[in-house]
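What follows is one structure encoded as structure tokens, with my remarks underneath.
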């Protein structure tokens, strides 16, 4: 096989792949809803600090909680920035944890053009512009566009040119959290 033949075959494959890809066009967008903001206040007294571990007696219940503090985490104690190693037993800490939850709908819109090869009930086979036949099981409520007019799958006949737009929505949530810890040194 010559170099020229290899290049010609490669171009033919790329042309076919490009034509097949162009049969269905898709667009994805993220649609954000209104954010929900929750703030929680926690207060505790430092009992012990070892490395990044902080043991606190929580108020008002008096239960103990163990926290693994991220290295570099800053505390504002008596108006000054402190690290976990600077905390002393008896220091009263107040943490304000603000969580923002934003609903996001990931919406994917796909458009496809084809010719009805066969249709019956909720099943249709379309011949795409590249000559490929694709089969689809279609919900009764789905609307095709035939010559600018809506048509259900049951109204399709062999040879009709159709356009179909499918919208898939997937709900998700974006969650962010911010914690500010302030405190007072023991007297």
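FYI, it's all coordinate maths here, none of it is from the lab. Note that this is a predicted model, so its numbers are computed, not measured. Neighbour counts are summed over all protein chains in view; Cβ atoms, including those assigned to glycine, are modelled from backbone coordinates with ideal geometry.
Among 178, 129, the ranking by other beta carbons within 10 Å of each residue's beta carbon, starting with the fewest, stands as 178, 129. Potential lengthening of the chain between residue 80 and residue 63 amounts to 3.4 nm, from the contour at 0.36 nm per residue minus the alpha-carbon distance. With the simple spin-label model, which puts each label point 7 Å out from Cα in the Cβ direction, the residue 106 to residue 141 separation comes to 2.3 nm.
When the Cα gyration tensor is reduced to axis lengths a ≥ b ≥ c, the ratio a/c is 1.5 or higher for the chain, and with a/b above b/c it is classed as prolate. In vacuum, with every alpha carbon of segment 70-134 counted as one equal point scatterer, what does the Debye formula give for log10 I(q)/I(0) at q = 0.12, 0.19 Å⁻¹? Two decimals, please. Here the Debye-derived log intensity ratios amount to -0.57, -0.86. Relative contact order for the chain: what is it in percent, counting Cα pairs under 8 Å that are at least 6 residues apart? Relative contact order here is 25 percent. With respect to the chain, whose longest principal axis is taken over its alpha-carbon atoms, helix 3-21 is tilted by about 80°. For the pair residue 31 and residue 184 in one chain, pulling the backbone fully straight at 0.36 nm per residue adds 50.7 nm over the alpha carbon distance.
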